[in-house]
1. Here is a list: ASP131, ASP198, ASP213, ASP139. Which entry is of a type outside the set (Phe, Trp, Tyr) and within 16 Å of TRP387 (Cβ to Cβ)?
2. Select from the stretch 238-260 the residues that are hydroxyl-bearing (Ser, Thr, Tyr) and in a helix (DSSP H, G or I) and write down the one among them that is modelled with the lowest pLDDT.
3. Would you list the strands (runs of 3 or more DSSP E) that sit entirely within the stretch 184-237 and hold 1 or more residues that are out of contact with any Pro (no Cβ under 9 Å at 6 or more places or on another chain) and under 26 Å from VAL95 (Cβ atoms)?
4. Hey, could you check the stretch 173-183 for residues that are among the β-branched types (Val, Ile, Thr) and part of a strand (DSSP E or B) and say which is farthest from ARG214 (Cα to Cα)?
5. Do we find that ASP131 is acidic (Asp, Glu) and crowded, with 19+ Cβ neighbours inside 10 Å in this structure?
6. Any residue in the stretch 342-359 that's closer than 15 Å to ASN322 by Cβ and part of a helix (DSSP H, G or I): show its pairings with residues that are hydrophobic (A, V, I, L, M, F, W, C) and modelled with pLDDT of 65 or more at Cβ separation under 9 Å, as long as the two are six or more apart or on different chains.
7. Residues of the stretch 98-142 being farther than 25 Å from THR11 by Cβ, without any contact (Cβ under 8 Å) to a residue 12 or more places away in the chain and not in a strand (DSSP E or B), which ones?
Amino acid sequence: MRFTKMLSLITDVLNKDADTQVDVCLTSQMASAIELWTAMYENHAPWVDRQKTKSAQIPAAIASEIARLVTLEMKSEITGGTGALFLNREYQKKVLADLRRYVEYGCAKGGLILKPYVTKTGLSIQYVQADSFFPLSFDDSGRIQQCVFTEQFRKGKKIYTRLEVHTLQNDMIHITNRAFVATNDYSLGTEIEVSSVDRWSELVPELSLAGSDRLLFGYFRVPMANTEDTDSPLGVSVYSRADELIAEADQRYSNICWEYEGTQLAVHIAESLLKYNPDQNKFEYPGGKERLYRRVSYATGATDKPLIDVFSPAIRDTALFNGFNAQLRLIEFACNLAYGTLSDPQNVDKTATEIKVSKQRSYTFVSDTQMALQRALEDLVYAMNFWAALYGLIPPGNDYQVSFVWDDSIIVDAEAERQTDRQDVAMGVMSLAEYRSKWYGETLEEAAKNLPEPALVEE
């Protein structure tokens, strides 16, 4: 079911039984935007028709590259007592091992929820993409206060839908499960007992939990201003400001593909030179090379037409690729990517200063995204600890700490940092030994021994 349609149905269900109308922060405008970002990522953008306009798969490339930069050389660990050891084992195996892929989904669609739950084998993590959850309200700090998760499957001619509503109210978490069955895909249908469906038989209709100051999941949100709906607290796709630019890039890419296809070498050959095979009802081409030859029939009496003509036009690939690269650089700027990330790095007609600025802009965005991911992971670990303690998997009152180490080379412009250190040496703020130790991988003692001898000056 379409995301926008599901939002409308959820709103109707919640308002039907509520004393007051539910103020849904997820507007239809934002829902439509999430649908568009999802379609673009999945290579189903509305302007792509596979015939006239092909996809260069730019949205997926953008989301993938940013996710790679964000998670590159990332290290995180949960430390503390016995309970922390259990949490860290689950954290390393079920969260960090496959985190990059899910961060890519979050970057593409604007957000991602990491929701732990308890199974017979321990803790598991559900990764809920932006087109599968419906935030209803936020607090002033940007934390979700109410959210609906959906699960839907088809069995025979019936469609089953489950709405899982999480609400934080007066330091209490309320979780409700509601199930519906329908015979069409444009309504939720009739409400039924959750336990009447086999795959949901172990779920309870209502659950209230005390002792938590937040909902029990982590919410990763792309740290960009929401230009789709400035009043919305929801995150936006990393390519949300480049949809029109990407559409134009796909058109230019399609022109390049057509240029190569339309200028393929061909030989126009008169029918009179070909042998007709009546058994197969077709002409036979020399050497069976049907792709090379194009049959031409001339009107009776035509005497000035060549019997064989070679079609081999010049390919305008240089001009077309230059235009395509120029469009990619516009996309790089709009998506906080350094020049040369998508475009040809050997053909970046920018000054050294412009290139450095673009790299610094990329570093800053990556750093902001890492901090957004860190906050989401901290909330996730909080929720893991809560559920594990509630079900007796760890001792109550477990004390733990979460540490993060991010790859500094992604955040810091190493060249600029090195130049700053050189200036510090010149001013006497940093010693040559300290400089060598930092940039040459030597200990201070080794660096001191390897310093050049001062030049002798003749008197």
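The values are calculated or read from the model by the stated rules, or taken from the named source; none is laboratory data. Predicted, not measured: the structure shown is a model, and the values here were computed from it. Virtual Cβ from ideal backbone geometry, glycine too; neighbours counted across all protein chains shown.
1. Working: ASP131 fails: within 16 Å of TRP387 (Cβ to Cβ); ASP198 fails: within 16 Å of TRP387 (Cβ to Cβ); ASP139 fails: within 16 Å of TRP387 (Cβ to Cβ).
Testing whether each residue is of a type outside the set (Phe, Trp, Tyr) and within 16 Å of TRP387 (Cβ to Cβ) leaves just ASP213.
2. From the stretch 238-260, those hydroxyl-bearing (Ser, Thr, Tyr) are 239-240, 253-254, 260; that's our starting set.
Subsequent filtering for residues that are in a helix (DSSP H, G or I) retains 253-254, 260.
Working: TYR253: 91, SER254: 87, TYR260: 70.
Checked the stretch 238-260; the qualifying residue modelled with the lowest pLDDT is TYR260.
3. On the way: elements: 190-192, 206-210, 218-221.
By residue number, 206-210, 218-221.
4. Narrowing the stretch 173-183 to residues among the β-branched types (Val, Ile, Thr): 173, 175-176, 181, 183.
When the remaining residues are screened for being part of a strand (DSSP E or B), the result is 173, 175-176, 181.
Details: ILE173: 8, ILE175: 13, THR176: 16, VAL181: 32 Å.
This residue is VAL181.
5. On the way: acidic (Asp, Glu): yes; crowded, with 19+ Cβ neighbours inside 10 Å: yes.
It is true that ASP131 is acidic (Asp, Glu) and crowded, with 19+ Cβ neighbours inside 10 Å.
6. From the stretch 342-359, the pairs are ASN347/PHE321.
7. Correct list: ASP98, LYS120, THR121.
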